[in-house]
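The values are calculated or read from the model by the stated rules, or taken from the named source; none is laboratory data. All values reported here derive from a predicted model rather than from experimental measurement. Note that we place each Cβ from the backbone using ideal geometry, even for glycine, and neighbour counts take in every protein chain shown.
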Amino acid sequence: MKYSIETYKDNIALINVDNEKGLKATLVSFGAGVYELSFNDHPVILTLKEIDDYLYSSQYYGKTLGTVAGRLKKDGLIDGNEYHLIPESGQNFALHGGMLKSISYKNWDYKIKESNKKLDVIFSITTRNNEGGYPGKVRIYVTYSFLKDKDEFKIFYKATTPSDAVFCNLSNHMYFNFDTHDISDYYLKMNVDQVAITEPNLLIIDKEKVPTHLDFNKAAKLNKRMDYIEKHDFKKTIDDTFIFSSMPGKITLQNADVKLDITTDCSSLNIYVDNSLTPINFKAHDDYSLRRGIALEPQRFILNKDEIILHKGEVYKNYIDYKFKAR
């Protein structure tokens, strides 16, 4: 296992990790995220050409989402007390902890620990009371743990609060693409039985049995599913939150060359297939088309706020495990 640290502007750290087996990554302290990830010398996530694009793009490429991943209604109650979040323009919700004002767009502290079996890169940050309208303070730790004998890494999330009650729901927003033009020929499988019902603005209001076009309990090719969705779903893409039918949650994404297995103890999974075609330059390709990447974001299910409320004296914990294998 090798690692090196580069310092970018404003004390932003780029941490390069190479397990000397097949997996390489560049982590960034700004947003506690993954800038680059490759397997057998091929990129497996969308990587922006310029670091500055990664830092400030509003699409969260590879970043930690928080303090609340997903859409949370701007006004409500937490433990009987009112809260008032800063909403998205013209909307009745806040997205991913406040978008450009969230912890995804702040520089985190970090430290590195190495043992005989793994290398841990530990990012940490403390939010301010009422930052973005979110009540209370949260101390957050995000640990990327790379195994030395396997092409596998884990993300561990941990949070505590000195406040009576805060919201906390953490995830990662890597867009997976195994060095191909798009993801149409990929197969997806996951153990889910319900999907969120949303308002037109995608705010979750209920849940229902997974419909056929979103059912991936058996491995299904994305191409036909996306064809149907682009014609019949008002979102024109997959931008849905699924609830796992059993624990742990298991997701498999594969094409002819690479298989990715994800395991998590989060209760739900948000999937977003990037059909936006926002004008941005990528390192690996300049010819990406629709379906250029798929974000697989394990997280707690936000509909029932009880899952995302952290009280003083409690410890928030979740993990996501990523395993890569050549096919």
>> I'm checking my understanding of the structure. Among residues of region 27-48 that are hydrophobic (A, V, I, L, M, F, W, C) and assigned to a loop (DSSP other than H, G, I, E, B), which one is nearest to ILE280 (Cα to Cα)?
In response: LEU46
>> Taking the criterion of being at pLDDT below 90 and farther than 20 Å from THR198 by Cα, would at least one residue in region 299-318 satisfy it?
In response: no
> When region 204-245 is examined, which residues are found to be loosely packed, with under 12 Cβ neighbours inside 10 Å, in contact (Cβ under 8 Å) with a residue 24 or more places away in the chain and not acidic (Asp, Glu)?
Replying inline: ILE205, LYS218, PHE234
> What about GLY90, is it without any contact (Cβ under 8 Å) to a residue 24 or more places away in the chain and on the phi > 0 side of the Ramachandran plot?
Replying inline: yes
> Is it true that ALA25 is touching a Ser or Thr at 6+ places or on another chain (Cβ under 6 Å) and in contact (Cβ under 8 Å) with a residue 40 or more places away in the chain?
Replying inline: no
> When LEU100 is evaluated against the numbered criteria (1) in a helix (DSSP H, G or I); (2) crowded, with 17+ Cβ neighbours inside 10 Å, which criterion, by number, is the only one it fails?
Replying inline: (2)
> (1) touching a residue at least 12 places away in the same chain (Cβ under 8 Å); (2) more than 16 Å from GLY70 (Cα to Cα): which one isn't true of ASP286, the others all being true?
Replying inline: (1)
> List, please: which pairs have Cβ atoms under 6 Å, are six or more places apart or on different chains, and start with a residue in region 106-127 that is free of Cβ contacts under 8 Å to residues at least 24 places away in the same chain and within 14 Å of LEU27 (Cβ to Cβ) and end with one that is crowded, with 16+ Cβ neighbours inside 10 Å and of a type in the set (Ser, Thr, Tyr)?
Replying inline: ILE122/THR143; SER124/TYR141
>> Exactly one of these conditions fails for LYS24: (1) assigned to a strand (DSSP E or B); (2) in contact with a Gly (Cβ under 7 Å, 6 or more places away or on another chain). Give me its number.
In response: (2)
>> If I go through region 267-290 residue by residue, how many of them are part of a loop (DSSP other than H, G, I, E, B) and surrounded by 22 or more Cβ atoms within 10 Å (Cβ to Cβ)?
In response: 1
> Which residue out of ILE302, ILE320, ILE271 is touching a helix residue (DSSP H, G or I) at 6+ places or on another chain (Cβ under 8 Å) and among the hydrophobic types (A, V, I, L, M, F, W, C)?
Replying inline: ILE302
>> Please go through region 136-154 and give me each residue that is buried (at least 20 other Cβ atoms within 10 Å of the Cβ), in a loop (DSSP other than H, G, I, E, B) and in contact (Cβ under 8 Å) with a residue 40 or more places away in the chain, ordered by number.
In response: VAL138
>> Just to be sure I understand, how many residues within region 155-187 are outside any loop (DSSP other than H, G, I, E, B) and either within 23 Å of GLY33 (Cβ to Cβ) or under 16 Å from the mean Cα position of the chain (by Cα) (or both)?
In response: 13
> Is one or more of the residues making up region 221-236 in a strand (DSSP E or B) and not basic (Lys, Arg)?
Replying inline: no
> Do you know which of the residues in region 103-127 that are in contact with a Phe, Trp or Tyr (Cβ under 9 Å, 6 or more places away or on another chain) and either at pLDDT below 95 or assigned to a loop (DSSP other than H, G, I, E, B) (or both) is surrounded by the most Cβ atoms within 10 Å (Cβ to Cβ)?
Replying inline: THR127
>> Condition first: in a strand (DSSP E or B), touching a helix residue (DSSP H, G or I) at 6+ places or on another chain (Cβ under 9 Å) and surrounded by 20 or more Cβ atoms within 10 Å (Cβ to Cβ). Now tell me which residues in region 49-88 satisfy that.
In response: THR64, LEU65, VAL68, LEU72
> Consider GLU6 against the criteria (1) surrounded by fewer than 23 Cβ atoms within 10 Å (Cβ to Cβ); (2) assigned to a loop (DSSP other than H, G, I, E, B): it satisfies all of them except one. Which criterion is unmet?
Replying inline: (2)
